[in-house]
Amino acid sequence: MIPDLDRGMWRRLGVAALAGAAADLAGLALIASAAWLITRAAQQPELAALSVAIVAVRAFATSRGLFRYGERLAGHDVALRAQAATRERLYEALIPIGPLPRRGADLLSRMVDDTEAVQDLLVRCLLPAVAAAATAAIAVVMAVFLLPMAAALLTVGLAVVGIALPLAAATSARRWSARIAPVRAELAARAADLAHGAVDLAAYGARDRAVEAAMAADARLSTLERGRARLNAAALGLGIVIQGLTVAAVTLIAGRAGLGSVATAVLALTSLVAFEPALPLAAAGERLASVRAALRRLAEIRATPPAIPTSDAQEPPEAPLPPKPHDPKTHDPKAKEHHLKARDLKVEVRDLVVRYAGSPSPALDGVSLTLTPGKRVAIVGPSGAGKSTLLAALMRTVDYESGNITISDETGVSVEAREIAPESVRRAMTGLTQDPYVFQASFRDNLRLAGPDASEDDLAEAVRRARLDAWAERTGWDTQLGEDGTTVSGGQLQRLALARALLYDPPILLLDEPAEALDEPTADALLADLLDATRDHTTLLVTHRLRGLERVDEIVVLEAGRVIQRGTHTDLVEHPGYYRDLWEAEALHRQT
């Protein structure tokens, strides 16, 4: 359950644990020496008899603060480092495209709240437990030397407060968490509905009902939270009661045993202080239950296998794929030559079969096509025909059951896609998706995602080719774009994604329904500009719109995962089939 820590973190954690234990032991020694000093001074001895105790009280008081500061410094340092390392591993686990266990707000919760649980585990659970154990052990040893019977009572009291109560609190917390979690999730969902669906709720007169439902969920959550808080308070109160009873019993036994006023005072106050580090452990036990749940949620993300395993994929020394696309601003002739070679990639797909888990029929069934340098191919077909699956197989984000994808360069050296690391394949084949993402950053920085070292001229050229230059000049390059594209229209969003792809300049450009969800005039304009921008660039376009496809070199029609037609636009329109039917239906729609 403890997060992965490197050797340096373990050393810092050890220093923090020792400093915390030393601080509590200094507090214990301070009380013991102060108790001895006060009671002994009441007997009015010579000053020389008290000098050592006086120095000890000052030393323990000073060192306690120093040790506590050291514990806080070292403990929070290792906790923050562990939290940062956990987030880094979480981000790395999210990079491979695969089926994540959760989406949306729950995933954000794991990235923020759950990673903070690592800090709580170390600072609020582990370090206090180590310090409490050390303090209890020393207090019991001191009691054994003073009065063994009192040591037995102290051991029982400390065991109840430091072990039994935290275990009970952890058990109770798990039960309460099981009841609270679904109610909190319901409240989060209703709050999201109110925030994102406010317009629809108002339009249909459902706002009041939605608010009432959210308030009801909030009331249920508040009731449960108050119940859990009362139990936590009861656990702390019970610990204080046990502390008081134990100290009273120890004092009573010491008095009956005739231990003496000085030893009795030392024993009583030592027993009292020994409970101080143990009392917070009940809250630590309650928190530990939440921490364990959070760590399990993080483990789910880290354990999610990528769609394409990368551990066994070894890139050959002479792989035909470039390690990095050419940076357009460089003037190195050798780099340009290497880039030109990289653009001459040829991709052959032969009898490709892709089957998703649990599906009785394959998503792709024996699909074949060839992408030669500079060739533009369009994939059309009804929804569910396997168009996007073909792109995913080419980008190695889904694996294929049989068939092969072969990539070769102008020298004739060819390699099967499975023999190359998926990341290398994606560097050579990338492009637009159906739902491109806009980051919470400036327009310029959103472009630089595809070209971190691109010059201003490179950015301007990519924007011009994507026909986004007028909007960029009007809006401004430093304009902050909202998360998920809330400040750009659908057409602008797709053109931004096209500008990114052109700036990245991959050898093969893959375009997945770039005009999806756009109005007809915007979609037609975007597709026309896209075909202009990709002239002489190897391109595979997935689309459900046929207008403008007379400009591509080949059209492949998919249905139920199979190729049912292929040819040029003119050939397919002249022969009966799915493509001509769709073309005629589209033409009729435009006339109406």
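Here is a yes/no grid of residues against (1) over 30 Å from residue 278 (Cβ atoms); (2) loosely packed, with under 14 Cβ neighbours inside 10 Å:
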{"site": "140", "(1), (2)": "no, no"}
{"site": "165", "(1), (2)": "no, no"}
{"site": "168", "(1), (2)": "no, no"}
{"site": "171", "(1), (2)": "no, yes"}
{"site": "187", "(1), (2)": "yes, no"}
{"site": "193", "(1), (2)": "yes, no"}
{"site": "197", "(1), (2)": "yes, no"}
{"site": "208", "(1), (2)": "yes, yes"}
{"site": "232", "(1), (2)": "no, no"}
Among the residues of region 501-516, is there at least one that is under 30 Å from residue 371 (Cβ atoms), in the same structural domain as residue 391 (by TED's automatic domain parsing) and among the small types (Gly, Ala, Ser)?
yes
Is it the case that some residue within region 251-272 is without any contact (Cβ under 8 Å) to a residue 24 or more places away in the chain and either closer than 18 Å to residue 161 by Cβ or buried (at least 19 other Cβ atoms within 10 Å of the Cβ) (or both)?
yes
Within region 49-72, the count of residues that are among the basic types (Lys, Arg) and out of contact with any helix residue (DSSP H, G or I) (no Cβ under 9 Å at 6 or more places or on another chain) comes to 1
Those residues of region 405-456 which are in contact with a strand residue (DSSP E or B) (Cβ under 7 Å, 6 or more places away or on another chain) and either in a helix (DSSP H, G or I) or among the small types (Gly, Ala, Ser) (or both) amount to 408, 414, 417, 428, 431, 441, 442, 443, 446
Residues that are in contact (Cβ under 8 Å) with a residue 60 or more places away in the chain, among the basic types (Lys, Arg) and out of contact with any strand residue (DSSP E or B) (no Cβ under 6 Å at 6 or more places or on another chain): which helices (runs of 4 or more DSSP H) entirely in region 115-216 hold 1 or more of them?
165-196
Of the residues that make up region 486-508, is at least one crowded, with 16+ Cβ neighbours inside 10 Å and under 21 Å from residue 386 (Cα atoms)?
yes
Tell me which strands (runs of 3 or more DSSP E) are completely within region 481-592 and hold 2 or more residues being under 34 Å from the mean Cα position of the chain (by Cα), or say none if there are none.
508-512, 539-542
Hey, any hits in region 253-265 for a residue that's modelled with pLDDT of 85 or more, in contact with a Leu (Cβ under 9 Å, 6 or more places away or on another chain), over 30 Å from residue 179 (Cβ atoms) and not in a helix (DSSP H, G or I)?
yes
In region 352-381, residue nearest to residue 541 (Cα to Cα) [restricted to those that are hydrophobic (A, V, I, L, M, F, W, C) and part of a loop (DSSP other than H, G, I, E, B)]
363
Is it the case, given these coordinates, that residue 418 is of a type in the set (Lys, Arg) and either within 22 Å of residue 352 (Cβ to Cβ) or without any contact (Cβ under 8 Å) to a residue 12 or more places away in the chain (or both)?
yes
Any residue that is at pLDDT below 80, on the phi < 0 side of the Ramachandran plot and part of a helix (DSSP H, G or I) - is there at least one of those in region 98-106?
yes
Give all pairs with beta carbons closer than 8 Å in which a residue from region 445-457 that is crowded, with 20+ Cβ neighbours inside 10 Å meets a residue that is in a helix (DSSP H, G or I) and of a type in the set (Phe, Trp, Tyr); count only pairs at least 6 apart in sequence or on separate chains.
450/504; 451/504
Residue identified as surrounded by 15 or more Cβ atoms within 10 Å (Cβ to Cβ), assigned by TED's automatic domain parsing to the domain that holds residue 123, within 22 Å of residue 120 (Cα to Cα) and not basic (Lys, Arg) among 34, 56, 74, 84
74
For region 461-479, enumerate the residues that are among the polar types (S, T, N, Q) and in a helix (DSSP H, G or I).
475
When you check residue 520 against the structure, is it within 23 Å of residue 390 (Cα to Cα), in the same structural domain as residue 349 (by TED's automatic domain parsing) and surrounded by fewer than 22 Cβ atoms within 10 Å (Cβ to Cβ), yes or no?
no
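The values are calculated or read from the model by the stated rules, or taken from the named source; none is laboratory data. The shown structure was predicted, so the numbers you read here are calculated from the model rather than taken from an experiment. In this analysis, Cβ positions are derived from the backbone assuming ideal geometry, glycine residues included, and neighbour counts consider all displayed protein chains.
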